[in-house]
Amino acid sequence: MVAILLPIAAIGPSRRFSGAKSASYCSGRLDFEFWRRSVNSASVSSQRRKFVHASNWFCKSRSIVSSAKNDSGNTVESAGDADISSSSMSKAEGKVTSEILSDLRAKQKALEKERDKLLEDLLRSEVKQHEYVDTIMHDKELAIAELEAAKSLFNQKLQETVEEKFSLETKLVLAKQDAVELAVQVEKLAEIAFQQATSHILEDCRLKVSAAETTAAEAAYQIEEQIRNATDATMLSIVEESKEAIDKALAVAEKAGDYATKAVAILTDGSSPLDEIAAFQSKNIKLQNLITELEGQLQLAKNEIDKLKFELDQVHTQAKEHALRANIAEKAMIEFQDTTKKRILQQEEEINSLLEKMKKDASERKKAASKAMKAELEGIKAAVDAAKEAARAKDEVYQRRCKALQRSLSASEAASEMWRQRAEAAESLLSKGTPLGEADEDIVLATNGGRIDFQIDDESQKWKLLSDGPRREIPDWMARRINTFCTKFPPRKSDVSESVTSKFKSLELPKLEEVWSIAQEKPKQGDILIEHVIEKETVEKKRKALERALQRKTLQLQKTPEEIKLEPGTGTGREIVFQGFNWESWRRKWYLDLAPKAADLSKSGITAVWLPPPTQSVAPQGYMPSDLYNLNSAYGSVEELKYCIEEFHTQDLLALGDVVLNHRCAQKQNSNGVWNIFGGKLAWGPEAIVCDDPNFQGRGNPSSGDVFHAAPNIDHSQAFVRKDIKEWLNWLRNDIGYDGWRLDFVRGFSGAYVKEYIEASNPVFAIGEYWDSLAYEGGNLCYNQDAHRQRIINWINATGGTSSAFDVTTKGILHSALHNQYWRLIDPQGKPSGVLGWWPSRAVTFLENHDTGSTQGHWPFPRDKLTQGYAYILTHPGTPVIFYDHFYDFGIRDVITELIEARRRAGIHCRSSIKIFHANNDGYVAHIGDTLVVKLGQFDWNPSKENRLDGSWQKFVDKGSDYQIWLRQ
């Protein structure tokens, strides 16, 4: 029975702990309080065991009879022998007891150490748990803070965007006001810029809102992921630590059971069975109590585990709440986006209303400005009248001065005669040696700066030497003679004031100030004193004119019939045009600056010069003409213009006039305050303005082209308009001396009208400015530009081929082709890809002009590719144009002159044939005419490598990787 009861007592707690172990596995957590109670109960049970053993040993001297029932219910009786010696039993039992006690003490110490270790582990686990909780809470706070920061950053960015938008709107409003004051066209450009800026701002807002949405979603996901990871890690760590602690506790319990079994075995072998049975029965009872207590503690542990489960559920609930908050935040953000969009739309409406108000204000200001302009014009008119009156008065004064000068000359001649007579009398007096006192009483001697004045009586004619002119040295003999009869003379007069205040009276001559003012007057034709000078200048001009005429005749005789044959729209076909101005030329007397360059331009090989617009203009550059017959512009007067054209003609250069036929600025306002009444010789009214120009209330027919909004567009369908323009062009040809035209903004009216004007004025050469945008895709120039050059060809066709046109297509392609994209210079048919490839005789090639370059710089040619560009246009068919800035300011004049010489030697003209051999990324090779080959780019090539080039070739120009030119021998 005893052997059965002890294993049950030892195994019971082990099974209970196994149950606790499985329960802890399920819950994932053990409480620190449970472990504390279990350890304390273990120490109490050990103390009770000690007390039981001591009481047993105190009762060993008595005989004890006890009974117990086994599992089958049988009763076993035991009796002890009272005669056994108590002393021997006490010694043996004392020895065994001491050993057991020492073992138990050792085990107790081990258990206490194990308990302390378990306590430390539990404390660490508790600390880690708190750390995990703190980490989770900190991550949660960080996530919330990040979300708030993202929200505030989004609000800040949105506010900055709104502020930026308002600042841009303010700038646009200011630009709009300035544009309205300057011209209506600038107003349209400002509106376009405003739309682009608004679309850019809206796009930026959309991008920033989407970025904020992405940031918020990422933050919410990171928060959820961090909570999930932290929770899982915490649960796993708690489960693992609980598992390890339970395993350790079970191991300790198993060891304790083994030790107890061994101790019972030892006690059974060395002691009385009845005593042992009684002792172990009481011990079993205590162990049962301990098991019950442990079961209670296990129940408490289960409760703690349930509590932990509940907390875990709360954590999950909080995670769901965070997710819900994130969704709410996302919805709020979407609502905020919608609100922002509505606000932006509202602001756009407000801006539109503001623009409408600005338009009204601008119109009112325009009316006020027109009134002010009218008053200013009246003032200018009054000033002009005053200037005319002043000029007339000045002419009258000049005439009076001339008459006074004639009188003074007559008086001088009379005085000279009188001087001769008086000199003779003086010589007779001096030769006779008559003393001064013995002279006649009516003769009075006076001095004038060392000269003797003889004044006879008051009634006689007064005379005096002229006070101006060189003063001769007085000889010594004469000075000595003078000293003999007059030892002292009055002091010499040093200025006009002394002469006026002197008591010695002189002849009645013009005042000195009047004499000097007459002398400083500019000579005029008809003055007697300068007739010989004018005659000399006239003879010199006639001589120079004869020399130039002879030189021009010689040059014409040296040219072949092909070189002097003129064709409509192309001139001789061998023209090289020079644009003789830039955007800032109006700031100087340009005609006087340009005229002396005629000989230099002719010597360089240039055949025609494109002059700036000659007409008086609202804008100083000349492209806003007003009175067409007034040629006194910012570039110079009409006389200076004629002089400049004469200089060009003397050097056999054509003078091309820049005529603006599309629009004209009015001089007067109508009753509505609109500037649509023209003045001057061509006094047109609103019937000369197209009706589809909304800014100037025209009453003509609709425009036959694009409308230029900055000035009234002329209605060329009106017969009287065409008649006046043809008369004006013929006046420019016959009276002023122009040879051809550069036609401005020909997109504004039909080419049929251009044909009529050219046939009426019969120019040697005409160029139309048909400016159109090239095709781009994704910011890059498209390879196929057929549509662009076709539009230019269509305009040339509309003129009947009477006018050429600027090859804008070739210019745009050269911008990209010369940057190692030479394949752009050939089209799929093997021809040049610009207008040059379809109609070369009507293609006027250029790199830059006053609009694209100069100080405007709307579309400047790449500076480092200028020489390559000129190598292309000066060696190819068509009519090349050279820009003033490039020739005189950019330092490439010698390069251009060399290329012109190569073109002249090869006989290249506007209809020369062209055959392209190579056009790829590395370079470009073309054969032009029969005698010239040009290579652009850096690849290795020469004519000897080309089987299709026969004959002997000599390199004429070698610029390395830029370009090379060969001429046939």
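If we sort 662-674, 359-371 on the protection proxy, mean other Cβ atoms within 10 Å, highest first, what's the order?
Averaged packing, sorted descending, gives the order 662-674, 359-371.
Suppose R0 equals 56 Å; then what is the FRET efficiency for GLN159 and ASP121 from their Cβ-Cβ distance, rounded to the nearest 0.05?
For R0 = 56 Å, the calculated efficiency reads 0.50.
Viscosity 1.567 mPa s, temperature 4 °C: what is the translational diffusion coefficient of segment 879-969 from Stokes-Einstein with a Kirkwood Rh over Cα pairs, rounded to a whole number of µm²/s?
The diffusion coefficient I find is 92 µm²/s.
Can you tell me the convex hull volume per residue for segment 601-708, based on C-alpha atoms, in Å³ to the nearest whole number?
119
Ignoring ligands, DNA and RNA, what percent of the accessible area of segment 317-366 is carbon or sulfur (1.4 Å)?
It is 54 percent, rounded to a whole number.
To the nearest whole percent, what portion of all C-alpha pairs in segment 773-844 is separated by more than 18 angstrom?
Of all Cα-Cα distances in segment 773-844, 35 percent exceed 18 Å.
How many nm separate the modelled label positions at ASN630 and SER961, each set 7 Å beyond the Cα in the direction of the Cβ?
If labels sit at ASN630 and SER961, their model points lie 5.6 nm apart.
In what sequence, highest mean first, do 675-688, 868-881, 603-616, 291-304 appear when ranked by Cβ atoms within 10 angstrom?
868-881, 603-616, 675-688, 291-304
Stretch GLN399-LYS367 to full length: gain in nm at 0.36 nm per residue minus the Cα-Cα span?
Result for the pair: 6.8 nm of gain on full extension.
Can you send over the carbon and sulfur percentage of the accessible area for segment 613-663, probe radius 1.4 Å, protein chains only?
Carbon and sulfur atoms account for 50 percent of the accessible area of segment 613-663.
Which order do peptides 709-717, 383-391 fall in by mean Cβ count within 10 Å, highest first?
Those peptides, ordered most packed to least, come out 709-717, 383-391.
Placing +1 on the Cβ of each Lys and Arg and -1 on the Cβ of each Asp and Glu in segment 793-879, which of GLY830, TRP795, PHE861 has its Cα farthest towards the positive end of the resulting dipole?
The residue sitting farthest along the positive end of the dipole is GLY830.
Considering only Cα-Cα distances, which of the following residue pairs are longer than 21 Å: LYS366/LYS681; LYS360/LYS381; LYS117/LYS286; LYS151/LYS331; LYS157/LYS342?
Numbers: LYS366/LYS681 26 Å; LYS360/LYS381 31 Å; LYS117/LYS286 26 Å; LYS151/LYS331 13 Å; LYS157/LYS342 18 Å.
In this structure, LYS366/LYS681; LYS360/LYS381; LYS117/LYS286 exceed 21 Å between Cα atoms.
Place a label point 7 angstrom from the Cα of LYS723 along the Cα-to-Cβ direction, then list the residues of segment 743-776 whose backbone nitrogen is under 17 Å away.
Of the residues in segment 743-776, 757, 760-761 have backbone N under 17 Å from the label point off LYS723.
Starting from the eigenvalues of the Cα gyration tensor, five times each then square-rooted, give me the equivalent ellipsoid semi-axes of segment 89-150, largest first, whole Å. Working shown, then result.
Details: eigenvalues 668, 5, 3 Å².
Value: 58, 5, 4 Å, ordered largest first.
Whole Å is fine, so just give me how far the alpha carbon centre of segment 747-815 lies from that of segment 352-377.
Each part's Cα centre sits 37 Å from the other's.
The values are calculated or read from the model by the stated rules, or taken from the named source; none is laboratory data. Just so it is clear, the model here is predicted, and its values are computed rather than measured. Note that we place each Cβ from the backbone using ideal geometry, even for glycine, and neighbour counts take in every protein chain shown. We work out accessible area using only protein heavy atoms, side chains counted, and drop any ligands, DNA or RNA first. Shrake-Rupley method; radii C 1.70, N 1.55, O 1.52, S 1.80 Å.
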